[in-house]
1. Where residues in region 113-131 are assigned to a loop (DSSP other than H, G, I, E, B) and modelled with pLDDT under 95, which of them is surrounded by the most Cβ atoms within 10 Å (Cβ to Cβ)?
2. Are there any pairs with C-beta distances below 9 angstrom linking a residue in region 114-132 that is at positive phi to a residue that is modelled with pLDDT of 95 or more, with the two at least 6 apart or on different chains, and if so which?
3. Based on this model, can you work out whether residue 148 counts as loosely packed, with under 14 Cβ neighbours inside 10 Å, touching a strand residue (DSSP E or B) at 6+ places or on another chain (Cβ under 8 Å) and at positive phi?
4. Which residues, taken from region 24-59, are in a loop (DSSP other than H, G, I, E, B) and within 21 Å of residue 87 (Cβ to Cβ)?
5. Kindly indicate whether any position in region 54-66 is surrounded by 15 or more Cβ atoms within 10 Å (Cβ to Cβ), touching a strand residue (DSSP E or B) at 6+ places or on another chain (Cβ under 7 Å) and over 30 Å from residue 128 (Cβ atoms).
6. If you scan region 10-38, which residues turn out to be at positive phi and surrounded by 11 or more Cβ atoms within 10 Å (Cβ to Cβ)?
7. When you go through 110, 85 one by one, which is the residue that is more than 13 Å from the chain's Cα centre (by Cα) and either at pLDDT 95 or above or closer than 25 Å to residue 130 by Cα (or both)?
8. Hey, among the residues in region 67-82 that are within 15 Å of residue 129 (Cβ to Cβ) and at pLDDT 90 or above, which one's farthest from the chain's Cα centre (by Cα)?
């Protein structure tokens, strides 16, 4: 029998884990995961982390302008440690590191068989419908921190 993993990944070990596979479309001419592919995988990890803790980005984006909350990447630092290859099964690990006002700092890793092959430090800012920074509601902050418990 084949073991199926949840499409949105899972919360475990104080972090969110999302399995992703490297497909042909993700690789460069040498059969290695193209560097921009790491960014896409990290984005998927952050999106599925929010979904797993009960934050629905579609609803936040569709809210009335004064209630709208959007998440934008302000800064991302990536270290590429080892190549990922065609057909590799990877684990995108997302962990909340700090939350202060509108600033959310996340640590992410792309792992193969438990070993980090790329890491990312990501600074996300929450903004309102006027595209200005807004402090996250305490309920969201609590949800984010609860994922690491």
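The values are calculated or read from the model by the stated rules, or taken from the named source; none is laboratory data. Here the structure is a predicted model, which means the values were calculated and not measured. Here the Cβ is made from the backbone with ideal geometry for all residues, glycine too, and neighbour counts use every protein chain on show.
1. Kept after step one, since they are assigned to a loop (DSSP other than H, G, I, E, B), are these residues of region 113-131: 113-114, 129-131.
The next check asks that each one be modelled with pLDDT under 95; those that pass are 129-131.
Details: 129: 15, 130: 10, 131: 10.
Among them, the one singled out is 129.
2. Listed pairs, sorted by first residue: 114/91; 131/72.
3. Values: loosely packed, with under 14 Cβ neighbours inside 10 Å: yes; touching a strand residue (DSSP E or B) at 6+ places or on another chain (Cβ under 8 Å): yes; at positive phi: no.
No; evaluated as a whole, the condition is false for this residue.
4. Taking region 24-59 as the starting set, the residues that turn out to be in a loop (DSSP other than H, G, I, E, B) are 28-31, 34, 53-56.
Hits for region 24-59 are 28, 29, 30, 31, 34.
5. Step one: of region 54-66, the residues surrounded by 15 or more Cβ atoms within 10 Å (Cβ to Cβ) are 55, 60.
Still in the list and also touching a strand residue (DSSP E or B) at 6+ places or on another chain (Cβ under 7 Å): 60.
This time we only want the ones that are over 30 Å from residue 128 (Cβ atoms), so: none.
No - not one qualifying residue is present in region 54-66.
6. Just the residues of region 10-38 that are at positive phi, to begin with: 13-14, 31.
Passing the criteria: 14, 31.
7. One residue alone meets the criteria, 85.
8. At the first step, the residues of region 67-82 found to be within 15 Å of residue 129 (Cβ to Cβ) are 67-72.
Filter once more, so that each one left must be at pLDDT 90 or above: 69-72.
Details: 69: 17, 70: 15, 71: 11, 72: 12 Å.
If we take residues in region 67-82 being within 15 Å of residue 129 (Cβ to Cβ) and at pLDDT 90 or above, then 69 is farthest from the chain's Cα centre (by Cα).
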